[in-house]
Each structure stands twice: as structure tokens, then as C-alpha cells.
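Structure first, commentary second.
Here, each number is a calculation from the coordinates, and none is a lab measurement. Predicted model only: the values in this text are computed from it and were never measured. Reconstructed Cβ throughout: ideal geometry from the backbone, glycine too, with neighbour counts over all protein chains shown.
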Amino acid sequence: MIELRIFLLHVMAILWKDIRYELRSRQTWLGMGMFALLVLVIFNFTFDLRVDNISAVAPGVLWIAFIFASLLGLGRTLAAEREQHSMDRLLLCPVDRKAIYLAKLLGNLLFIGVVEIVALPIYALLFNVPLPAALLLIVLLGTLGIATIGTLFSVMAAATRARELLLPILVFPLIVPVVISVVRATQQLMAPTVNEPPWIGLLIAFDVIFLSISMLTFQYVVEE
């Protein structure tokens, strides 16, 4: 019980450090937000969105905006850690590596979540679609899957010179199951169909698998 409390205190301390840094710089939030909104606006003017095809197009547009904005933020946060050597100093502390990973993951979820909260009403306005409560659950599960893999590989890519190029190459193939699940779950929410697999259940399974693997392998990745 005492060890768990110390673990959680370490997680919260690292998370609070990242939040304070982002509140001072505001680079990640502003860059991710502008990118997501730009993607939504461009696709809104590019596609001929009619009532009969909006349920097929709009979910894909939403998740394209979220995925690319997420990777932009993930790459920037860990790159700043490496540039200022704060990650190196953090690794010298007697802190469980799992606590470091969990704090970074929660921080990335928070940063991405702020952007998504702002982008969702604009998405609903531009594409003339409702925002049911179940969509928030899908967004949360999808963001968790993307951030879980993205946080792990952003630490690996941040140590290289070509980190902006390497991170998408590493992350995109692994998050394909999550992307397919969230897009189809969003489509099913907008236009329910029969004989569809339980996409939310598959999404939860992918999140659990990715989170477990990332927690176990982070200590080896960060020490390389």
C-alpha cells in the first residue's frame, strides 16, 4: 500500500511538472489545435458532403485531424524533454520507470484531450452532425490507444536526429487496428447498421494490450 502511494505521488509530480511547462510555453496546445482545425476546415470545403454520404466521410475526417494533431504534439513534447535534458535528469532520480511512462501518457492524454474538446464542437458545426455522449467514450478510447503507442515510440524517436520523420513511420503501422476501430465505431454511431462487430469492445481490447506492452517495455526503451 505504501509502495502504491509512493508510485502515485511520483506520477502526479512528473505530470504536474509537464503541465506547468506546457502552461508556460503553450507550444503544444496551440500547434495541435491549429493543425486539427485546419484539417477540418480544408476537408469541409474539399468534399461534397450530402446527407447520404456524410456519415461515411465525416468520421474519417475527424480522426485524420485527431491522429495527425496527436502525433504533432507527441513528437514535440518529448523532443523538448531531450533538448533540455530534463528526461536525463529524471532518469537519474530513484523513480520507477513505469511511473515516468504513466505520467507522460496522462500528460499527453490531457494535452490531446484539450484540443479534442475544442475541435469537436467545430466539427459538429462544419459537418452538421450531432455530438452524442457515446462519441466522447469513443474519442477517449481512441485517444488512449494512439497516445499509448505514441508515448512509447516518441521517447525512442526523440533520441534521433530524424525524429519528425521516424515517429510517424513507427507509430502508424501499429495504430492501424485502433484507427479502423474508432472510425467504424464512429460511423456505426452516426448510422447504426446490423451485423457489425462490437467495435468499442475491440477498441478496449486493443487499448489494454497496447498499454500492457508499453508499460512493460518502456524501461528498456528509455535506457537505450
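What's the exposure ranking of Ile169, Ile100, going from fewest to most Cβ atoms within 10 Å? Could the numbers behind the result be given before it?
Working: Ile169 11, Ile100 21.
By the 10 Å Cβ count, ascending, the order reads Ile169, Ile100.
Among Leu203, Leu211, Leu8, the ranking by other beta carbons within 10 Å of each residue's beta carbon, starting with the fewest, stands as Leu8, Leu211, Leu203. Going from the fewest other Cβ atoms within 10 Å to the most, the residues Trp29, Trp16 appear in the order Trp16, Trp29.
Label sites at Arg5 and Phe172, each approximated as a point 7 angstrom past Cα along Cα to Cβ, lie 4.8 nm apart. Packing, taken as the mean count of other beta carbons within 10 Å per residue, orders the peptides 138-150, 105-117 from highest to lowest as 138-150, 105-117. Extending 7 Å from Cα along the Cβ direction at Ala205 and again at Leu137 yields two label points whose distance is 1.8 nm.
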